[in-house]
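In what follows, a structure is listed as structure tokens, so that the remarks can point back to it.
The values are calculated or read from the model by the stated rules, or taken from the named source; none is laboratory data. Not measured: the values here are computed from a predicted model. Neighbour counts are summed over all protein chains in view; Cβ atoms, including those assigned to glycine, are modelled from backbone coordinates with ideal geometry. Note: accessible area is taken over every heavy atom of the protein model, side chains too, but ligands, DNA and RNA are not part of it. Shrake-Rupley method; radii C 1.70, N 1.55, O 1.52, S 1.80 Å.
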Amino acid sequence: MAIVGVQWGDEGKGKVVDLLAERADMVIRFQGGNNAGHTIVRGDEKWKFHLIPSGILYAGKACVIGNGVVIDPHVLTDEIDGLRPRGADVGGLTISANAHLIMPYHLMLDHAGEAKLGKLQIGTTKRGIGPCYADKAARLGIRVQDMLDEKILKKKIAAALEPKRLSLRPFAKDPRLDLQAMTDEYLTYGHRLEQFIADTASLVQRALDDSRLVVFEGAQATMLDIDHGTYPFVTSSNPVAGAACIGAGVGPRDIHEVWGVAKAYATRVGAGPFPTELDDEIGEEMRQRGGEFGTTTGRPRRTGWMDLVALRYAARLNSLSGLVITKLDVFSGFGTIKVCTRYRGAEGATFDTFPYHQTVLHHVEAEYLELPGWTEDISDCRSESELPQNARDYLRFLADFVGVPVVLVGVGAGRDQVIWGDGVGESFGALAGAA
């Protein structure tokens, strides 16, 4: 199964993966870096993950960081060290030897690049993700396996630094750029992480050959995809389901189910077009009720109504078999709920499908359909029949418009505050039973 975000990120994928991981045999993260953050609430405890797959809270569960991920070893070792004192078992963690490493100069270049853009900033998390993926594409990347060979590591760092001399001139005196110091630092990380490093593609393939249930965990979301998202205001990788094959080392026919996670409304972090954005008291109420502040950055998220034009586009790109709607409880007490069903362009043209042209998208306005809300508190509902009729009608409208059944609904932050849809038995239940 692949679990992907189908909006602009922060949809609650971590919670969904955590729920599925209980019955899965392996969870593998296939793209992105520590620019992502997944929050899981268990009882009174809140867990925040940036690189480690959400299934790590199950003792001994096989949790894999795939080759498509870019890894800051400082962040990863801190995350491991933070889990152990809280009783989490990291024995099931493995890291792809082919995953690329975020280096100190990637962080510097990210900061400098955003500063240079000024008002045109993309809104990156400044974690070095983009420059790391750029080096990967330029074949100047440093991989996890390189930390285990001092000679290769030093040569590769020197080769990667050479074309960056001019860009790094403002940081010339920064001790982090010293070749030997950088080599020694990453060799130390290599010694610390060596027990986790493996040929993860073979591990995943073996699990699939044995009919095990593997959950592919995506970060960010479809509308931030570098090819299919709102470019250039996107992330530097492909968060769509197809990238699970590349980032984990499996074939397309190895993925049988794709679930897309969306909030009952929409949010976005950073710059870029957001047709349904609400810059008013309703948007602020959504932000406060939903706790819409970034797991990684703490930045307040932009909020807006559900965008069904974008959601239907994402459903097609990912070939969704199931739709997960989170934070439905945020709407309790709303008299009416709006959903965007099409866009209107600057010259009056209407768009029922997502416009490909950047200039068009930046100037569209959302056209809304109003649906009746509900006043009841739904946080204790555990079946669809317990939901108010208007809440059920809202879910049904979303499913019908997108053409994908709702398989899971979130009605609160707790992992037990969910409603499993009627269609889930034929999809996840069948897969888990077979595994």
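Among the residues of the range 17-57, those identified as among the aliphatic types (A, V, I, L, M), outside any loop (DSSP other than H, G, I, E, B), under 24 Å from residue 207 (Cβ atoms) and over 12 Å from the mean Cα position of the chain (by Cα) are 19, 20, 21, 26, 27, 28, 40, 56, 57.
Testing residue 12 on (1) surrounded by 17 or more Cβ atoms within 10 Å (Cβ to Cβ); (2) under 17 Å from the mean Cα position of the chain (by Cα); (3) modelled with pLDDT under 90, one condition comes back false. Which one is that? All conditions pass for residue 12, except number (3). In summary, residue 337 fulfils each of the numbered conditions (1) farther than 30 Å from residue 213 by Cα; (2) open to solvent by 30 Å² or more (accessible area, probe 1.4 Å); (3) touching a residue at least 40 places away in the same chain (Cβ under 8 Å) with the single exception of condition (2).
Evaluating residue 75 against the criteria (1) out of contact with any strand residue (DSSP E or B) (no Cβ under 9 Å at 6 or more places or on another chain); (2) more than 19 Å from residue 235 (Cβ to Cβ) leaves one unmet condition, (2). Taken over the range 283-314, the residue count meeting the criterion of being assigned to a loop (DSSP other than H, G, I, E, B) and in contact (Cβ under 8 Å) with a residue 60 or more places away in the chain is 8. Could you tell me whether residue 218 is touching a Pro at 6+ places or on another chain (Cβ under 7 Å) and buried (at least 17 other Cβ atoms within 10 Å of the Cβ)? Spelling it out, residue 218 is indeed touching a Pro at 6+ places or on another chain (Cβ under 7 Å) and buried (at least 17 other Cβ atoms within 10 Å of the Cβ). Would you please name the residue that is farthest from residue 6 (Cα to Cα), looking only at residues in the range 246-269 that are within 17 Å of the chain's Cα centre (by Cα) and open to solvent by 20 Å² or more (accessible area, probe 1.4 Å)? Among those residues, the one meeting the criterion is 246. In the range 125-162, the residue that is surrounded by the most Cβ atoms within 10 Å (Cβ to Cβ) out of those that are without any contact (Cβ under 8 Å) to a residue 24 or more places away in the chain and part of a helix (DSSP H, G or I) is 156.
Restrict the check to the range 199-208 and report whether at least one residue is open to solvent by 40 Å² or more (accessible area, probe 1.4 Å), under 28 Å from residue 131 (Cα atoms) and in contact (Cβ under 8 Å) with a residue 60 or more places away in the chain. Among the residues of the range 199-208, at least one is open to solvent by 40 Å² or more (accessible area, probe 1.4 Å), under 28 Å from residue 131 (Cα atoms) and in contact (Cβ under 8 Å) with a residue 60 or more places away in the chain, which makes the answer yes. Could you tell me whether residue 317 is in a helix (DSSP H, G or I) and over 22 Å from the mean Cα position of the chain (by Cα)? No: the conditions fail for residue 317.
Quick check, is residue 192 open to solvent by 70 Å² or more (accessible area, probe 1.4 Å), in a loop (DSSP other than H, G, I, E, B) and touching a residue at least 24 places away in the same chain (Cβ under 8 Å)? The answer is no for residue 192. For the range 80-106, the tally of residues that are crowded, with 20+ Cβ neighbours inside 10 Å and under 22 Å from the mean Cα position of the chain (by Cα) stands at 10. Among the residues making up the range 279-297, those that are surrounded by 14 or more Cβ atoms within 10 Å (Cβ to Cβ) and at pLDDT 90 or above are 282, 283, 284, 285, 286, 287, 289, 290, 292.
Residues in the range 341-384 that are over 17 Å from residue 264 (Cα atoms), outside any loop (DSSP other than H, G, I, E, B) and aliphatic (A, V, I, L, M): 360, 361.
Condition test on residue 348, is it surrounded by fewer than 16 Cβ atoms within 10 Å (Cβ to Cβ), under 18 Å from the mean Cα position of the chain (by Cα) and at pLDDT below 95? Considered against the rule, which asks whether it is surrounded by fewer than 16 Cβ atoms within 10 Å (Cβ to Cβ), under 18 Å from the mean Cα position of the chain (by Cα) and at pLDDT below 95, residue 348 comes out as no.
Apart from one condition, residue 300 fits all of (1) over 22 Å from residue 38 (Cα atoms); (2) surrounded by fewer than 16 Cβ atoms within 10 Å (Cβ to Cβ); the exception is (1).
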